[in-house]
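Just so it is clear, none of the values below were taken in a lab; they were calculated from the coordinates. A quick note: this is a predicted structure, and the numbers were derived from the prediction, not measured. Cβ atoms come from the backbone with ideal geometry, glycine included; neighbour counts cover every protein chain shown.
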Amino acid sequence: MLQPLIFKIYGMDCPDEVAILKQEVGPLVGGEERLAFDIMNARMIVAFRPAEVGPTDIMKAVAGTGMRAEIWNEDAPSDVALGFWLRYGRSLATAASGLMTASGFWLHVESMGVAAALGYEGARFAHDAPMDATLCYAVAILAGVWYVLPKTWLSIRRMRPDMNLLMSIAIVGAVGIGEWFEGAMVAFLFALSLAMESWSVGRARKAVASLLDMTPISAHLLRDDGSDYDVRPEEVPIAGRVRIKPGERIPVDGFVVKGSSAVDQAPITGESMPVLKQTGDAVFAGTINGDGSIEASCSKAATDTTLAGIVRMVGQAQSKRAPSEQWVERFARVYTPAVMVAALLICTLPPLLMGFPWSDWFYRALVLLVIGCPCALVISTPVSIVAALAASARNGVLVKGGVYLEASANLNAIAFDKTGTLTAGRPTVVDITGLNGYSEEDLLARAAAMEAHSDHPIARAVVDCAQKRFIRLRAADDFQILPGRGATATFDGVQFWIGSQRYLEERELGTDTVLQMISERANLGQTTVVVGDENGVCGIIAIEDTARDGAKDALRSLRKSGIRHLVMLTGDNKGTAQVIADQTEIDVVRAELLPEDKVAVIETLVATHEKVAMVGDGVNDAPAMGRATLGIAMGAVGSDVAIETADIALMTDDLSRLPWLVNHARRTLMVIRQNIGIALTIKVLFVLLTIMGYASLWAAIGADMGASLLVIFNGLLLMDGSEDD
């Protein structure tokens, strides 16, 4: 049986290191398909059979790559507590390489002049660096390649050329022909490029890690006598009451049970303005209390809070790689060997066929190896994806992987659930009609007892109405939920049921009078809940919900973005659905659908429009969300099942985040294309200059590093998602 185990990998900062780990660890555990990687959190997830290989064997294999592995521990100290060399080793080696290169060049200039130091005095390769300068260059080269050599050796041993091998050959070749300065410059600039790459990923890691800092270190847990004492948030029990003082961060997810205050929810939902929280309103761990003192009842364990879920899902997101990332990786696998073959041909063909000097064309081949390094190309996509994912989380849109971000940019159609998605999700009971001898109180007592087991907004409306009227719920036995239809339960030995008009018709209890009453309410835009027993209908409860604020504007923005096919899917009746459709200006309405009917509609949309998103909030939306190209959950009011099923969660009830997501995803793809274009253009230009004899080693590595920095900083611009509003 396969056993999953997570390792922390020190030194894994880019897809190149992931490829190396796949080559080294994959065969050990039975194949690359048993490995998963989370670059953002530097994690490797391994599925292995303990009888065949153990954690120690895996850690030894990782050590052979020049990286270091240890078993992941959620409670382990941060990188600040690591050893000095692990924290600063790469930076110190890079700095030492740069310092010794500069020192060697200064000594070289002092001894022989600038022109000679740069190799421009007399014929190339005719100069010799003084011994002290050569020693400085040698130390610079050693420091620059210190973290590259283990990977180079692996590349040679496995006969799979990569950028580490390209750079190592170029450096050795430069030293072999006496170009110590250029060899040192190549080593330093390549080390600097890798350090910048590591820094860019580290910045994204810190952005995610900063989410953890949103949870306060203590919570004020209340005693029965009203006094409080401080405990860790992990120690607050479910239903435990905590006091949140003005200005404090809320320590747990829960519901306000006393007091009121404006709460800054931006860290979780991305809302720009504080939200007034009163008794019964939900609050999230990590959000900031305003000027009022409130008390909240804990509804989730600290490890299951919305904030904890965001941290986990953002951390896992990078393992779900976008198609553009996968394309770049496949391209690099072919590209690197092709560069080596081209360098070999440039080195040998002109001297053999045309009698040109071997030394000159050997040097040009080295330059081609340097400029052919795929570093900028490889890092161009993941740094953009990581930055875009972090920006999305900060703007209240939790995207669970680059593949889903890219899918958002290519949507052709979007299907919406009605209740809780297009509507405010806070319907209220507006009319109760008892039939066949049942009073309003009897009807509401039984209906609320059955609906108390559901988290659907309509069910909550019924329960809230009973509570406001101080109606005591009847004890229910043999309760059973009928997904998409309703529920049944037994009261005093008699089975009662509650459901929609469709369920009423399934039971064949819909009299003309009852159907007329339902039709009249539907024409008013009201949803009806029918309650009955074994003999017939006991009464009708009418519930009204209104379109969510900003829903119409959000749909208009989606149309402006080019997504013109917008569909409403609901289990509600046609009349009520059409009222909401008119309010939101939605095009197509499919009403009275069961969960399996929603799946069928989504399948038809996918067949017709290919790229389709399903936006929902309830358990009954989860199957359709799973079948769509992209499942999007309303995170603020949605069920846990819907959020877990979804590929993207909107952590606020603001539908304007949908057009923001589409624009942000498209901007991300544009930046990725820009980065790939920058990397390839610079390389093509320098290849031409190399063949013409106008490029040098240090200029080539400078251009390659410049390309790497350009794509890194261009990608990091996505961290600011404000341009996508």
Given q = 0.11, 0.13 Å⁻¹, what are the Debye log10 I(q)/I(0) values for the range 219-304, with equal point scatterers placed on the Cα positions and solvent ignored? -0.24, -0.34
From phi via Karplus (6.51, -1.76, 1.60), per-residue ³J(HN,Hα) for the range 295-300 in Hz, x at Gly/Pro: 10, 10, 9, 5, 10, 9
Mind sorting 220, 664 by how few other Cβ atoms lie within 10 Å of their own Cβ, fewest first? 220, 664
Pairs over 28 Å Cα to Cα, from 277/598; 277/552; 400/598; 560/683, come to 277/598; 560/683
Read phi for every residue in the range 515-525 and hand back ³J(HN,Hα) as whole Hz from Karplus 6.51 cos²θ - 1.76 cosθ + 1.60, θ = phi - 60°, with x for Gly and Pro. 5, 5, 5, 5, 5, 4, 6, 5, 5, 8, x
Take 10, 229, 404 and order them by how many other Cβ atoms sit within 10 Å, fewest up front. 229, 10, 404
If amide H atoms are modeled at 1.01 Å from N in the peptide plane, then the residues at a separation of 5 or more from residue 430, or on another chain, having amide H under 5 Å from its own are 542, 543, 544
Could you list which residues have their amide H under 5 Å from that of residue 65, counting only those 5 or more apart in sequence or on another chain, with H placed in the peptide plane? none
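Quick one: which of 62-69, 51-58, 165-172 comes out on top by average Cβ neighbours within 10 Å, and what's the full order, highest first?
165-172, 62-69, 51-58
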Among the chymotrypsin sites (Phe, Trp or Tyr not before Pro) within the range 437-528, which fall in a DSSP loop and have no more than 16 other Cβ atoms within 10 Å of their own Cβ? 470
The answer for residue 495, listing residues at least 5 apart or on another chain whose modeled amide H is closer than 5 Å to its amide H, is 534
Using a 10 Å cut-off around each Cβ, can you sort 430, 367, 114 from fewest to most neighbouring Cβ atoms? 114, 430, 367
From phi via Karplus (6.51, -1.76, 1.60), per-residue ³J(HN,Hα) for the range 570-580 in Hz, x at Gly/Pro: 8, x, 6, 6, 5, x, 5, 5, 5, 4, 5
Within 10 Å of each candidate Cβ there may be at most 16 other Cβ atoms; applying that plus a DSSP loop requirement, which trypsin sites (Lys or Arg not before Pro) in the range 537-637 survive? 564
